[in-house]
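Visitor: Got a structure for you, questions after.
The values are calculated or read from the model by the stated rules, or taken from the named source; none is laboratory data. Source: prediction; values computed, not measured. Heads up, the Cβs are rebuilt from the backbone with ideal geometry, glycines too, and the neighbour counts pull from every protein chain shown. The area values use the complete protein model at the heavy-atom level, side chains included, leaving out ligands, DNA and RNA. Shrake-Rupley method; radii C 1.70, N 1.55, O 1.52, S 1.80 Å.
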Amino acid sequence: MASELARDHGSAVSSGRRSHGSVSRRSWASTSFREVWSNQGDVFHRSGRADQEDEEELKWAAIERLPTIDRLRRGMLKHVLDNGNVGYEEIDVTNLGRLDKKKIMENILKIAEQDNEKFLQRLRDRTNRVGIEIPKVEVRFEHLSVEGDAYVGTRALPTLLNSSMNAIEGILGLIKLFPSKKRVVKILHDVSGIVKPSRMTLLLGPPGSGKTTFLQALAGRTDKDLRVSGRITYCGHEFSEFFPQRTCAYISQHDLHNGEMTVRETLDFSGRCLGVGTRYELLAELSRREKESGITPDPEIDTFMKATALAGQETSLFTDYILKVSLFLLVTYFSNNTRSLQLVLTKKLKQLLGLDICADILVGDEMRRGISGGQKKRLTTGEMLVGPAKVFFMDEISTGLDSSTTFQIVQFMRQMVHTMDSTMTISLLQPAPETFDLFDDIILLSDGQIVYQGPRENALEFFESVGFKCPERKGVADFLQEVISGKDQEQYWFRQNENYRYISASEFSDYFRSYQIGQNLSEELRIPYDRSKTHAAALVKKKYGISNWELFNACFAREWLLMKRNSALYIFKTSQLTIMSIIAMTIFLRTEMKHGRLQDGGKFYGALFFSLINVMFNGMTELAMTILRLPVFFKQRDALLHPAWAFSLPIWVLRIPVSLIESGLWIILTYYTIGFAPAASRFFRQLLALFSVHQMALSLFRFIAALGRTQIVASTLGTFTLLLVFVLGGFIVAKDDIEPWMIWGYYISPMMYGQNAIAINEFLDERWSAPNIDPRIPEPTVGKALLKARGMFTEEYWYWICIGALLGFSLLFNILFIAALTFLNPFGDSKSIILEDDDKQGSKKQPILDTMGSTELSSAFTTPMLKGSKDKELCILQINHCILLIYMLMLQQIPIWWRWYYWGSPVAWTIYGLVTSQVGDRTSLVEVPGEAHMSVQMYLKTRLGFEYDFLGAVVVAHIGFVLLFLFVFAYGIKCLNFQTR
C-alpha cells in the first residue's frame, strides 16, 4: 500500500508546495478603509481574523509535532464563539460525542442536495494535491453462462401430489433407478462485457430476463444450485485470488433488517463490522506527504477523514454522513405525498438537522411499527455504503419508491461514482427519463442475452441501425424495454420500404456484435487486463474487516441491545414461570407430600418431572427467536460482515444469566414449598441440575432452528425431537423396558440425564434411607428402590456424571448450531428442487413417528399387573397410565382447590376418553400390590375415577371445546390487534 501510494510522489511534491495557512493570512495592506478608521487608536493592530488564523496555525503546528499514531487521532473542529467570531478547538476523533458529530456534519453539509458533490470533490482534491491515486476496479465477464435444473409446467406447482412424486423420483434418482424429469433452464447465455470504473451503468431488462442472476454472478454470490461457466475477473484477478464479497457490495431487492434496531444502530453495526478497509493507510500516507510538502489540510475534511478511518468504533461518523445525505431524500419522499406533512417536517428539520427524523426510529417488522418501505429501501442501500467496498451491484433499489426519490438516490450515486472513481451497476425496472439520463452506460438484457452494452447516448443509434426508432415523446428507457418485447416491438418499426419481422433477443445480440460499439468491446476483451496496473488497495484479500475480538464485541453489543429491546418477552417468560411455579407448589403442596415409603415416591417423581419439563419447555421460545433472526444473519454472513461463530457465541454467553435467573426462580418458589430434601446442599444441586437442563434446552432449540431455517420445518423438527427425547428420557419408558436394539436412544437422550440428576439428588437423601421391605426390588433402602424400579442410577457419583453430560450436550448443540449456520443456506423462494429436499426430510419422519407410537410403556409401582397373563391389555393399560403420569396426578390426588382445572382441561377429557374407550369395560383381574385382586373396570373407577358409562359426556365435552376454541379464534382475528406503534 505504501509503495503504491508513493508512486510519482516527487513530482507531486515539487508542484504542490503551498500552505493553506500561509496564503490565507491577511496583512495590514489588505485591511479595508472602514477597519482602519474604526481602529484609530492603533492602526497597525492586527485584525481579529488574522489572530484567529494565527491561533489555528499554532494548533495545527502542535498537532503536526505529535507522533504519527497520535496525529491521526487529533483533528480541528470549527465552532462559533460567544462574541460571534469563529474559532477552532482540538478534538480527539476517537471520542466524538453526538454534538461533535452534529457540528462536523453542519460544517461540511449544510444543504445535502447542494453540498454533497462539493464535499466529495473536496475529498478528492486533497488526495490529488499530493499525488495519491484512488484505487479503481474494472470488472470483466467473458462467455458467462448460468443454468440450473427445475421442473417446468404443472410439475413446478407445490401441490401435495407433485411434492410426493418429486420426493419419490429424487430418492430413486439417487440410486440411479429412475431418471430425473427436471429440465435444464438456461438463465444467461454466453454473455461478455466490461463494467468500467468512474462510469455508472444501468442494467435494464424485462422481468425474468436474468438481471438478478447476472448481478449475483458478478458479485460472486450465485446460488449453489446453479451451474456457472465462463470467466469473471476484477482487474484481471479471478475470484480465488481475493474476496469478492468484501471488494464489492451486492444490494438485494429484499429489505432484511432487525426490526428491534434503529436506523442509526443498523448502519453503525454494518460499518463497524465491514471495517474501514485501507482508509487508515491512505490517511497515514496522505498526512505524511502533506507534512513533507508543508501543506495544511482543510480542517473539516481532515477531521472527517480521520474520524472515518478508525476501525472498531461502536458509532461511526460515516453513519451520520449517510443519514445526512438521506435527509433531502426523506423530504422529497414526503413532499410527493402530503404537502402539509412536508411543511411540518421541514420545520422539524431546521431544529434537528434531519438526523433525528428517522435515524433513531426502530426499523420495525410485521408486528412492530417502524420506518416506511421507502426508508427501508434506502437503509438497505446505506447499509453497504458505510463499508469500504469499491464496486457496487444494486438490484431493483427503486422498488417502493416514487420517481423523484429514485432520482435523488441515483444522483447521489452518480456523484460518488464520478468523484471517487467507484464501479457501479444499478438494476432498475422502469426509470423515469430524468433518472435514465444520469447513467453513463447501459446493459440491456433479454432472455439471458445482452442486446446492447455501451454508452447511453448511442443506444438509440444502435436500434435505428436495426430498424427501430424511438418516438419523440417516448421515454428512452420504456422504448428500450418494449422494443425487445414480442408484443410491442412492431410499433417502433420505421423502415417503410421493408416488411416488419420479429427480431428475437439472439438476433439483436448478433447485430450488436457486428455494430461498431460491439466490435470495440470485443477488441478490448481480447486484450488481457494488465495486472501490473492494479492498485494495491483495489482488491480486498482479508476475509473480514476487523479482528476476531472486535467482531465478537460488535455482535455481543448488538445481542445485548436486542435482548433489552425484547425485554417484554423475557418479562413474560419470567411471569409465566412464576405462575407455573405457583401452580406446582399448590398442587404438590408440602403438607400433602409424604415421604419415606415406596408408595410416596410416585408423587415426588411427578413433581420432579413437572419441574423438568417446565424448565425445558421454557426454552422453546429460543426456536422462534432464532428463526426470526436467520434471514438477516444469512444476508450479513454472505456479505462477510461476520462469521457464524461471532453471531452464535454472544447468544450463548448472554443466555447463561437468563438460565440462572429462570432456574433459580423456579427452585426458590417450589423447592421447600413442595417439600423436597431439606438439606441446603440438595437445594443447590437441584438448582445446578435445572440450570444445566435449561442451558441444554436453549442450545438444542437453537440448533433445531438453524437446521429447519423456516418456522414450519423447525417447529416440525422441534416437536419430533421433543417426543423422541421424552419417550427415551427414562420416565415414560423405564430403562429396563426399552428394547435392547433401542437402548442407545436412552443414553443419547439429554432428558435422561436431567431426570437422573434430579431423582438421584432427591431419593438419595437421608429421609429416603428407610429399609426397603419390597422383596421384588433388591435394594437396601427405599430411595434406591425407587430409583432402581425406574431403571435409574443408584450411586451418588452418577449425579455429577449427569451434570457433565448435560453441559456436554449444551456444548455439542452450540457447536452444531455454529456448524449449521456456517454450512447451510436458506431455502429458496420457489424452486422445486428445494421443495423436493424438504419433502425428502418429511418422508423420513413418518416411519419414526409410527415406531415411536407403537413403543410399549410401563410403570413400576402404580401400574397393576394382569394375573397369570401376557395379554395385550397390559400394554394398553400401561401405555395410557403412563400418559396419565405425564399429567402427573390422578384425580383423587389433585388438591380439591385445583380439581376445577382438571375438568376444564381438554387434555384430561382426552385421556379420560382414550383410557375408558380402550379398557374401561374389561373384567380381567389385575394384581394390585398390597391389596386384593380387582377387575380392570373396577380399578379404573376406584383409582382413577374413570367410568365407562360416562363416555357420552366425554364426546359432548370434546365437541364443546371445538366450538369454544373456534369462537375464540374468530373473535381474536376480528377484534384483537397486537401490532405496536
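Visitor: Anything in segment 244-271 that is open to solvent by 30 Å² or more (accessible area, probe 1.4 Å), of a type in the set (D, E, K, R) and part of a helix (DSSP H, G or I)? List them, or say none.
Guide: 265
Visitor: With the condition being under 25 Å from residue 512 (Cβ atoms), in contact (Cβ under 8 Å) with a residue 40 or more places away in the chain and acidic (Asp, Glu), I'd like the strands (runs of 3 or more DSSP E) fully within segment 115-226 carrying at least 1 qualifying residues.
Guide: Strands (runs of 3 or more DSSP E) meeting the threshold: 139-150, 183-195.
Visitor: Residue 422 is checked against (1) closer than 30 Å to residue 471 by Cβ; (2) of a type in the set (Gly, Ala, Ser); (3) more than 27 Å from the chain's Cα centre (by Cα) and fails just one. What number does that condition carry?
Guide: Checking residue 422 against (1) closer than 30 Å to residue 471 by Cβ; (2) of a type in the set (Gly, Ala, Ser); (3) more than 27 Å from the chain's Cα centre (by Cα), the one that fails is (1).
Visitor: Within segment 934-967, track down each residue that is part of a loop (DSSP other than H, G, I, E, B) and open to solvent by less than 70 Å² (accessible area, probe 1.4 Å).
Guide: Those that are part of a loop (DSSP other than H, G, I, E, B) and open to solvent by less than 70 Å² (accessible area, probe 1.4 Å): 945, 946.
Visitor: Tell me which of these residue 971 doesn't satisfy, since it passes every other one: (1) modelled with pLDDT of 80 or more; (2) over 30 Å from residue 367 (Cβ atoms); (3) open to solvent by 90 Å² or more (accessible area, probe 1.4 Å).
Guide: (2)
Visitor: Which one is least open to solvent (accessible area, probe 1.4 Å) among residues in segment 920-933 that are touching a Lys or Arg at 6+ places or on another chain (Cβ under 9 Å) and without any contact (Cβ under 8 Å) to a residue 60 or more places away in the chain?
Guide: Out of the qualifying residues, it is 920.
Visitor: Shifting gears a bit: Using the structure shown, decide if residue 639 is under 26 Å from the mean Cα position of the chain (by Cα) and either under 20 Å from residue 810 (Cβ atoms) or without any contact (Cβ under 8 Å) to a residue 24 or more places away in the chain (or both).
Guide: Details: under 26 Å from the mean Cα position of the chain (by Cα): yes; either under 20 Å from residue 810 (Cβ atoms) or without any contact (Cβ under 8 Å) to a residue 24 or more places away in the chain (or both): no.
Considered against the rule, which asks whether it is under 26 Å from the mean Cα position of the chain (by Cα) and either under 20 Å from residue 810 (Cβ atoms) or without any contact (Cβ under 8 Å) to a residue 24 or more places away in the chain (or both), residue 639 comes out as no.
Visitor: What residue, of 743, 758, 773, is closer than 23 Å to residue 663 by Cβ and β-branched (Val, Ile, Thr)?
Guide: None of the others qualify; the one that does is 758.
Visitor: Still on this model: Restricting segment 222-243 to residues that are open to solvent by 50 Å² or more (accessible area, probe 1.4 Å) and touching an Asp or Glu at 6+ places or on another chain (Cβ under 9 Å), which is nearest to residue 277 (Cα to Cα)?
Guide: Filtering segment 222-243 for residues that are open to solvent by 50 Å² or more (accessible area, probe 1.4 Å) and touching an Asp or Glu at 6+ places or on another chain (Cβ under 9 Å), the one nearest to residue 277 (Cα to Cα) comes out as 231.
Visitor: I've got another one for you. Restricting to segment 875-919, what's the tally of residues that are open to solvent by less than 40 Å² (accessible area, probe 1.4 Å) and either of a type in the set (A, V, I, L, M) or at pLDDT 60 or above (or both)?
Guide: 18
Visitor: Here are some conditions: (1) more than 19 Å from the chain's Cα centre (by Cα); (2) assigned to a strand (DSSP E or B). Residue 240 meets all but one. Which one does it not meet?
Guide: Here residue 240 meets the rest and fails (2).
Visitor: Quick one: in segment 434-491, which of the residues that are of a type in the set (S, T, N, Q) and more than 41 Å from the chain's Cα centre (by Cα) is farthest from residue 406 (Cα to Cα)? Even if it seems obvious, please write down each step before you answer.
Guide: Initial filter on segment 434-491 (of a type in the set (S, T, N, Q)): 435, 446, 449, 453, 458, 465, 481, 485, 489, 491.
From what's left, more than 41 Å from the chain's Cα centre (by Cα): 458, 465, 489, 491.
Numbers: 458: 24, 465: 32, 489: 27, 491: 29 Å.
Within segment 434-491, the match that is farthest from residue 406 (Cα to Cα) is 465.
Visitor: Give segment 138-170 a look and list any residue that's of a type in the set (Val, Ile, Thr) and out of contact with any helix residue (DSSP H, G or I) (no Cβ under 7 Å at 6 or more places or on another chain), or say none.
Guide: Matches in segment 138-170: 152, 154, 159, 168.
For (1) at pLDDT 85 or above; (2) in contact with a Ser or Thr (Cβ under 6 Å, 6 or more places away or on another chain); (3) not hydroxyl-bearing (Ser, Thr, Tyr), each residue gets a yes or a no:
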residue	(1), (2), (3)
675	yes, no, yes
685	yes, no, yes
690	yes, yes, yes
711	yes, no, yes
717	yes, no, yes
725	no, yes, yes
746	yes, no, no
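Visitor: Next question, about the same structure. Look through 275, 294 and report the one residue that is out of contact with any His (no Cβ under 9 Å at 6 or more places or on another chain) and open to solvent by less than 20 Å² (accessible area, probe 1.4 Å).
Guide: Residue meeting the stated conditions: 275.
Visitor: All but one of (1) hydrophobic (A, V, I, L, M, F, W, C); (2) at pLDDT 90 or above; (3) crowded, with 19+ Cβ neighbours inside 10 Å hold for residue 556; which doesn't?
Guide: (3)
Visitor: Looking at 161, 144, 174, which is the one that is buried (at least 19 other Cβ atoms within 10 Å of the Cβ) and more than 30 Å from residue 292 (Cα to Cα)?
Guide: It is 144.
Visitor: If you don't mind, there's one more thing I want to ask. Determine whether residue 626 is of a type in the set (S, T, N, Q), surrounded by fewer than 17 Cβ atoms within 10 Å (Cβ to Cβ) and in contact (Cβ under 8 Å) with a residue 12 or more places away in the chain.
Guide: It is false that residue 626 is of a type in the set (S, T, N, Q), surrounded by fewer than 17 Cβ atoms within 10 Å (Cβ to Cβ) and in contact (Cβ under 8 Å) with a residue 12 or more places away in the chain.
Visitor: Which ones in segment 183-230 are within 32 Å of the chain's Cα centre (by Cα), more than 23 Å from residue 430 (Cβ to Cβ) and among the charged types (D, E, K, R)?
Guide: Within segment 183-230, 186, 221, 223, 224, 225, 227 meet the criteria.
Visitor: Please tell me if residue 512 is at pLDDT 90 or above, open to solvent by less than 70 Å² (accessible area, probe 1.4 Å) and over 24 Å from residue 147 (Cβ atoms).
Guide: It is false that residue 512 is at pLDDT 90 or above, open to solvent by less than 70 Å² (accessible area, probe 1.4 Å) and over 24 Å from residue 147 (Cβ atoms).
Visitor: Give just the number: which of (1) over 30 Å from residue 292 (Cα atoms); (2) touching a helix residue (DSSP H, G or I) at 6+ places or on another chain (Cβ under 8 Å); (3) modelled with pLDDT of 80 or more does residue 183 not satisfy?
Guide: (2)
Visitor: When you go through 259, 271, 205 one by one, which is the residue that is within 30 Å of residue 563 (Cβ to Cβ), of a type in the set (Gly, Ala, Ser) and touching a Lys or Arg at 6+ places or on another chain (Cβ under 6 Å)?
Guide: Going through 259, 271, 205 in turn, just one is within 30 Å of residue 563 (Cβ to Cβ), of a type in the set (Gly, Ala, Ser) and touching a Lys or Arg at 6+ places or on another chain (Cβ under 6 Å): 259.
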